[in-house]
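Novice: Please see the structure below; I have some questions.
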Amino acid sequence: MRHFLKSRKCRMISSVMYPVLFGVIIFVLWETQILHSIMNTSTDVLPVPSKIASVIGENITKLMGNLWITTVPTLIGLAVGSALGYAVAVIASIFTKWGGGGITLVSCFNAVPIVALAPIFNNLCKHVSTDIGTRGMAAKALVVMMLCMASMSINAFRGLTELPPFSTDMMKSYASSKRVTFVKLRLPNSVPYIFTALRVSVPISVISALVSEYFIDTREGSATFCPGLGRMIRDTILKCQYSAAWSYIAIACLLGITLFVVLMIFESVMLKNRQKQ
Amino acid sequence: MKKKNAKKVLALMTAALMASASFVGCSGDTSSSASSDASTSAESKTAKLMAAAEGAVGNWGLGNEYEIQALLRKYGYDTSYISQAFDMDGFDTDEILLASAMTYNELGLVKNSYDGGYNYGDTVSVIDMNEEGVAMLEDMLFCTKDFAEKNPETVKAFVYASMKGWAYACANTKEAAEICYKYGSSVSPDHQAYMADESAKLVSTDMSGNTVDSSAYGSIDKNAVQQTLDLCKKYMVLDDSTAADKLKNMTTEDVYNDTFIKDVIELLNSNETPSFKPEKKEVSIQLKWLPDAQFMGYYVALDKGYYKEVGLDVKDSDIVPGGGDVGETTAVSNGTVDFGVTWVSNLISANASGMDLVEVAQVFQRSGLVLVYKNEWAASNGVD
């Protein structure tokens, strides 16, 4: 028994079981409206899960349309922002003297609230395209990019500069060039740090895309045009359509969780060898 | 080993691509479905303007869009519009050619030169929703049905004092503007004075342009509520089918209760000092927007002690300002405040989704929403 409790299998089970159990308890309390009496709220404002599920079922096409409008700028912003962030970190690691200070400056972007960034990029993108949808996508992607760039550059810079002790001395003793040191030592050393950055960036990218939609130009009011998940959440809440609002919130959560799971799988594949060492 | 990893990554990426590709089919296509009931044959001035501004009509959305959608549909266009910010920069830069404006707020900012104004003066004109027959009732006083049933005297006293405040404010707009400014204004004193004048016009004129006698302020016109409800049924899109069904079967009885305002009007005209026995003395009211002369009646009633006269305890902090993201219907429904000011359409959508709210007095008798345009632009499109 003691052996079993210490075994890897047991740890795996408990690490999955506890969150699932917690989720099930919340779900049951929510569905049976006990949660409502604890929170002192009504089903008008917090619809039960079965109600939310039925609204999702009724509007699946519309929800998917809005999901697409939010997902595209999220992924573009995440990819471009992370790539730029890494590039900034590489440049900073080459010119270490002022690089560290530069990275600190970039990290300031992380502190600027989305609500302040979104209107700025909205105005910036006014002339990008005559199509208001494209314009909005560009503005959203820029907001996401800005925030992802900051977290990537900070982490990647650490990965490129905080090397194992004496490793640079060793490379020197091999008389390796700066380029070789970079490719063989710094670059591999930064890989886990990239994933640390992405673990922060992925949720931030979804949230910033959702919130920036509040402030970004769009075309709305037609049954066939999708202004995005964030916009729809705000719109439906202000119209007291809470069951509809929660259906958009559920889809937004799903987007965030899916992206995170994809990242986790990616990470476990990429870092597999490293863990074995 | 390395090759194997690369293969895995490739497989993952293809899977992700396939998943995203399946969404493409659902992306927003803008195929417009021009309706049949539109009177496109009537080559009116508005029709010409709407044609010239196709795709550049702005509105704030969030429940303020139904009149604009009704107008778009009337002239045969798709009901979509450009999201408009709470300033008029989009109009200023010609990005929005027909911009939504409230006569008592944004229109003043467009026309006037004072702080925050765009100084267009008489070089702009408007399309009036009332004249177009697509007007909906806006600012009104409401509470929950439950509250009205349990506290009828409180409701009557509150409506009495509030309408007395509105009557005084409409007769003395300058003073009312100063009072509003005193209680924490969001705008300059000049704009406050403008807002007071324009708000008074909405209280004292009905949808057909007839003057409402000061003794009938706040009365609820069943036909106007019916028109509002009909337009809601046509243009309100509710994703929840239960709510959509409820809206379909809604009648004006589900929207308002005019017994309170009828009694109040009688009392106000009888010249005797009424005595109320309010069941709940401490009451509060949630405004739809920032504190300004759009709500001058309540501030005047507070300042002149009308609430105290009827036995109610309303403090400065009991008049709660709203803003872009405050849901006044939710605040009243969950009991955070007792009364609220909202548009009739907002109450209808709240009730459709399961809330139990009731209108008790119609403060603005006509729609204050207009579409503003530049005369120069209109002339260049053949409209004088």
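The values are calculated or read from the model by the stated rules, or taken from the named source; none is laboratory data. Keep in mind it's a predicted model, so treat the numbers as computed, not measured. Positions of Cβ are generated from backbone atoms using ideal geometry, with glycine treated the same way; all protein chains shown enter the neighbour counts. Ligands, DNA and RNA are stripped out before the accessible areas are found, and what is left, the full protein with its side chains, is counted by its heavy atoms. Shrake-Rupley method; radii C 1.70, N 1.55, O 1.52, S 1.80 Å.
Novice: For the range B:47-66, which positions are at the interface with chain A (Cβ under 9 Å from one of its Cβ atoms) and in contact with a Gly (Cβ under 7 Å, 6 or more places away or on another chain)?
Specialist: B:Gly61, B:Glu65
Novice: Counting just the residues of the range B:145-176 that are more than 13 Å from B:Ile285 (Cβ to Cβ) and polar (S, T, N, Q), which one comes out surrounded by the fewest Cβ atoms within 10 Å (Cβ to Cβ)?
Specialist: The qualifying residue surrounded by the fewest Cβ atoms within 10 Å (Cβ to Cβ) is B:Asn172.
Novice: Let me ask another. Restrict the check to the range B:319-334 and report whether at least one residue is small (Gly, Ala, Ser), at pLDDT 95 or above and in contact with a helix residue (DSSP H, G or I) (Cβ under 8 Å, 6 or more places away or on another chain).
Specialist: No, the conditions are met nowhere in the range B:319-334.
Novice: Give the residues of the range B:82-122 that are surrounded by fewer than 22 Cβ atoms within 10 Å (Cβ to Cβ), over 20 Å from the mean Cα position of the chain (by Cα) and assigned to a loop (DSSP other than H, G, I, E, B), sorted by residue number.
Specialist: Result: B:Thr93, B:Asp94, B:Glu95, B:Asn112, B:Ser113, B:Tyr114, B:Asp115, B:Gly116, B:Gly117, B:Tyr118, B:Asn119, B:Tyr120.
Novice: What number of residues within the range A:221-277 are at the interface with chain B (Cβ under 7 Å from one of its Cβ atoms) and not in a helix (DSSP H, G or I)?
Specialist: Total satisfying the criteria: 9.
Novice: If a residue must be touching a strand residue (DSSP E or B) at 6+ places or on another chain (Cβ under 8 Å) and open to solvent by less than 40 Å² (accessible area, probe 1.4 Å), how many such residues does the range B:204-226 contain?
Specialist: Narrowing the range B:204-226 to residues touching a strand residue (DSSP E or B) at 6+ places or on another chain (Cβ under 8 Å): B:204-205, B:211-212, B:218-221, B:224-225.
Okay, now just the ones that are also open to solvent by less than 40 Å² (accessible area, probe 1.4 Å), so B:204-205, B:212, B:218-220, B:224-225.
Looking only at that region, the number is 8.
Novice: Mind checking whether some residue in the range B:364-382 is in a loop (DSSP other than H, G, I, E, B), open to solvent by 30 Å² or more (accessible area, probe 1.4 Å) and hydroxyl-bearing (Ser, Thr, Tyr)?
Specialist: We begin by selecting, within the range B:364-382, every residue in a loop (DSSP other than H, G, I, E, B); these are B:364-368, B:381-382.
Those still in the list that are open to solvent by 30 Å² or more (accessible area, probe 1.4 Å) too: B:366, B:381-382.
Filter once more, so that each one left must be hydroxyl-bearing (Ser, Thr, Tyr): none.
No, the range B:364-382 contains no residue that is in a loop (DSSP other than H, G, I, E, B), open to solvent by 30 Å² or more (accessible area, probe 1.4 Å) and hydroxyl-bearing (Ser, Thr, Tyr).
Novice: B:Asp239: at pLDDT below 95 and within 13 Å of chain A (Cβ to nearest Cβ), yes or no?
Specialist: On the way: at pLDDT below 95: yes; within 13 Å of chain A (Cβ to nearest Cβ): yes.
Yes, satisfied.
Novice: Mind listing just one residue for me: the one in the range B:163-216 that is outside any helix (DSSP H, G or I), aliphatic (A, V, I, L, M) and farther than 20 Å from B:Ser317 by Cα and, of those, farthest from the chain's Cα centre (by Cα)?
Specialist: Filtering the range B:163-216 down to residues outside any helix (DSSP H, G or I) leaves B:172, B:183-188, B:205-213.
When the remaining residues are screened for being aliphatic (A, V, I, L, M), the result is B:187, B:207, B:212.
Pick out the ones that are also farther than 20 Å from B:Ser317 by Cα and you get B:207, B:212.
On the way: B:Met207: 15, B:Val212: 20 Å.
Selected residue: B:Val212.
Novice: From the list A:Phe95, A:Phe157, exactly one residue is farther than 19 Å from A:Gly228 by Cβ, open to solvent by 40 Å² or more (accessible area, probe 1.4 Å) and of a type in the set (A, V, I, L, M, F, W, C). Which is it? Don't jump to the end; show me each part of the working.
Specialist: Details: A:Phe157 fails: open to solvent by 40 Å² or more (accessible area, probe 1.4 Å).
Step by step, each of A:Phe95, A:Phe157 is checked, and only A:Phe95 is farther than 19 Å from A:Gly228 by Cβ, open to solvent by 40 Å² or more (accessible area, probe 1.4 Å) and of a type in the set (A, V, I, L, M, F, W, C).
Novice: If we scan the range B:321-328, do we find a residue that is in a helix (DSSP H, G or I) and assigned by TED's automatic domain parsing to the domain that holds B:Ala196? Working first, answer last.
Specialist: First pass over the range B:321-328, keeping only residues in a helix (DSSP H, G or I): B:328.
From the residues that got through so far, the ones that are assigned by TED's automatic domain parsing to the domain that holds B:Ala196 too are B:328.
Scanning the range B:321-328 turns up at least one residue that is in a helix (DSSP H, G or I) and assigned by TED's automatic domain parsing to the domain that holds B:Ala196.
Novice: Still on this structure, please answer the following. Which number in (1) modelled with pLDDT under 95; (2) in a helix (DSSP H, G or I) marks the one condition that B:Thr79 misses?
Specialist: (2)
Novice: When you go through (1) surrounded by fewer than 19 Cβ atoms within 10 Å (Cβ to Cβ); (2) within 25 Å of the chain's Cα centre (by Cα); (3) at pLDDT 95 or above one by one for B:Asp263, which number turns out not to apply?
Specialist: (2)
Novice: Within the range A:183-209, which residues are open to solvent by 20 Å² or more (accessible area, probe 1.4 Å) and touching a residue at least 40 places away in the same chain (Cβ under 8 Å)? Please lay out each step first, then the result.
Specialist: Quick first cut of the range A:183-209, residues open to solvent by 20 Å² or more (accessible area, probe 1.4 Å) only: A:183-189, A:191-194, A:196, A:198-200, A:203-204, A:207.
Across the range A:183-209, the qualifying residues are A:Arg186, A:Val191, A:Pro192, A:Ile194, A:Thr196, A:Leu198, A:Arg199, A:Val200, A:Pro203, A:Ile204, A:Ile207.
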